[in-house]
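> Below you will find the structure I want to go over with you.
Each reported figure results from applying straightforward, stated rules to the coordinates on display, with no laboratory input. Treat the numbers as computed from the prediction; the structure is a model and nothing was measured. Here the Cβ positions follow ideal geometry from the backbone for every residue, glycine too, while neighbour counts run over all protein chains shown.
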Amino acid sequence: MDRISTLKSLIDAFPHPSVLIGRSERILAINSHAERILARNAEGRHYTAVFRQPRVVEAIERVLAASDTEEVRFLSKSISQDHVYRASIQPLSGPASAGVLVSLEDLSREEGLGQMRRDFVANVSHELRSPLTALSGFIETLRGPAAKDAKAQTQFLGMMEIETARMTRLVQDLLSLSRVESEERVKPDERVDLLDILSDARIVLDGLAEEKGVDLRFPELADPVWVAGDRDQLTQVFRNLVENAVKYGNSKVSVEINLFDHEPYIRGPAVVVDVRDDGDGIEPHHVPRLTERFYRVDAHRSRAQGGTGLGLAIVKHVIGRHRGRLRIASVPGQGSTFSVILPLA
Ligand code: ADP
């Protein structure tokens, strides 16, 4: 094997995209990971034709001249995705001009996670700021213009109660989300009857349905439906889904249970609980994003209904922990069906 092919097979074994540049400033070897990002048939070409970004080109130039290691950011754009890499440019041992090894480490995932964290904090702050601003406005009014007006005081205290309840719900949902995220890898081992869980959820929801004038139907089954699950978390799943159906539905909401010997989604015997409403439905482009934290189709409507924007995110994580699936089918103008698929115990 000649020297170049030895080098090529050596850097081909590197897990990161890597390029070897020789004293001649030409590419001596490039591994297949790097070929995918930079260029095919790059061997023999001048490095400036392969690394076109001035920041990287200048850093390579400096390392070739001075033999100090450098790190710079390298951005690659493809049709489907943009990537950010850390390019480490290291001199080869020997004289400074012997050549350099450029290796790229993909930082996109870390950067994406960092961005997600920043967005989350910004969203939480925004959600808390609106009720806080309202509350401080009410306090000011109670101290000033409404100080001697008993009727206005009662009215403002009522509004303060609503804002405080909104903040309490948000904090509760944030705590639930963080609890279920931290437990996501722990498979629940309790054996629970889904019918029991639905009847727990029903106690709270019958009142809400009556208040909204919605006809809410729960399944009437005689035999228990056993799943391996966390009772409180599953109760929360069905409460959130049925509550949404009542909030965003029109006049009818039904919950149905079906058992399957083989459900393709989870490749085994399963129970499917459908929560169906006859509301406005959801445009298809929103559907894949509904389980993102704070994603709402109509933020104004959600807030007016006391929504936190976290309900479906909690649902998704709980179902994930139970090795189940959430399926959303919706026809704009006709309504939606949220199906929870859980493996049978
Ligand atoms: P929210 O607290 O806003 O209800 P969720 O996470 O429970 O938060 O739901 C996210 C969004 O999904 C809602 O704001 C609403 O736009 C939409 N959505 C949820 N359930 C339904 C439904 N049954 N019909 C129509 N839209 C729904």
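> Mind putting a number on the dipole of the chain about its Cα centre? Charges go on the C-beta only, +1 for Lys and Arg and -1 for Asp and Glu, and I need it in Debye to the nearest 20.
Approximately 1020 debye in magnitude.
> Mean shadow of the chain, computed from the convex hull of its alpha carbons, in nm²?
In nm², the orientation-averaged hull projection of the chain is 27.1.
> Where the centroid of each part is defined by its Cα atoms, how far is region 236-255 from region 272-345 in Å?
10
> In whole Hz, what ³J(HN,Hα) sequence does region 131-141 give by Karplus (6.51, -1.76, 1.60; θ = phi - 60°), x for Gly and Pro?
Here the 3J(HN,Hα) series is x, 5, 4, 4, 4, 5, x, 5, 4, 4, 5 Hz.
> Another question, if that's okay. When the dipole is taken about the Cα centre of region 3-106, and only Lys, Arg (+1) and Asp, Glu (-1) are charged at their Cβ, what size is it in debye, to the nearest 20?
Value, rounded to 20: 300 debye.
> Shifting gears a bit: Let me have the relative contact order for the chain, percent, based on Cα pairs under 8 Å that are six or more residues apart.
11
> Show me, for region 314-329, the HN-Hα J-couplings you get by feeding each phi into the Karplus relation (A = 6.51, B = -1.76, C = 1.60, θ = phi - 60°), rounded to Hz, glycine and proline as x.
In residue order, the calculated couplings are 5, 4, 4, 5, 5, 5, x, 4, 8, 6, x, 9, 10, 10, 10, 10 Hz.
> Hey, another quick one. Mean-square fluctuation check for the chain, GNM, Cα pairs under 10 Å: which of 106, 68, 200 is largest?
In this elastic network of the chain, the residue with the biggest mean-square fluctuation among 106, 68, 200 is 68.
> Let me ask another. Please check: in the Gaussian network model of the chain (C-alpha springs, under 10 Å), which one of 155, 81, 305 has the largest mean-square fluctuation.
In the Gaussian network model the winner is 81.
> What FRET efficiency do you get for residue 48 and residue 323 if R0 is 51 Å and r is their Cβ-Cβ distance, rounded to the nearest 0.05?
After rounding, the FRET efficiency stands at 0.45.
> In the chain, which longest range has no trypsin sites (Lys or Arg not before Pro) that are both DSSP loop (not H, G, I, E or B) and surrounded by at most 11 other Cβ atoms within 10 Å?
Answer from the scan: 53-147.
> Ok, one more. Using the charge dipole of region 186-345 (Lys, Arg: +1 at Cβ; Asp, Glu: -1 at Cβ; taken about the Cα centre), state which of 343, 222, 282 has its Cα farthest towards the positive end.
The one lying farthest along the dipole's positive direction is 282.
> Hey, got the dipole for region 192-313? About the Cα centre, +1 on K and R Cβ, -1 on D and E Cβ, debye to the nearest 20?
Magnitude of the dipole: close to 580 debye.
> I've got another one for you. Only loop residues by DSSP count here, and only those with at most 14 other Cβ atoms within 10 Å; note down the chymotrypsin sites (Phe, Trp or Tyr not before Pro) in region 1-85 that meet that.
Answer by residue number: there is no such site.
> Now, a different point. How large is the helix-only mean residue ellipticity at 222 nm for the chain, computed as the sum of -39500 (n - 2.57) over DSSP H runs with n ≥ 4, divided by its residue count, in deg cm²/dmol to the nearest 500?
-15000 deg cm²/dmol
> If you stretched the chain out fully between residue 285 and residue 183, how much longer would it get, using 0.36 nm times the residue separation minus the C-alpha to C-alpha distance?
Length gained between residue 285 and residue 183: 33.7 nm.
> Does region 186-345 classify as rounded, prolate or oblate by the C-alpha gyration tensor (a ≥ b ≥ c root eigenvalues; a/c under 1.5 gives rounded; else a/b over b/c gives prolate, otherwise oblate)?
Taking the square roots of the gyration eigenvalues as a ≥ b ≥ c, region 186-345 is prolate.
> Just want to confirm a number: the relative contact order over region 30-132, from Cα pairs under 8 angstrom separated by 6+ residues, in percent.
It rounds to 17 percent for region 30-132.
> Among 330, 176, 88, determine the one that fluctuates most according to a GNM of the chain built with springs between C-alpha atoms less than 10 Å apart.
Maximum fluctuation in the GNM of the chain, among the listed residues, is at 88.
> Would you mind pulling out the separation of the Cα centroids of region 56-90 and region 1-26, in Å?
Centre-to-centre distance over Cα atoms comes out at 17 Å.
> Moving on to the next point. Tell me the relative contact order for region 116-219 as a rounded percent, counting alpha carbon contacts under 8 Å between residues six or more apart.
20
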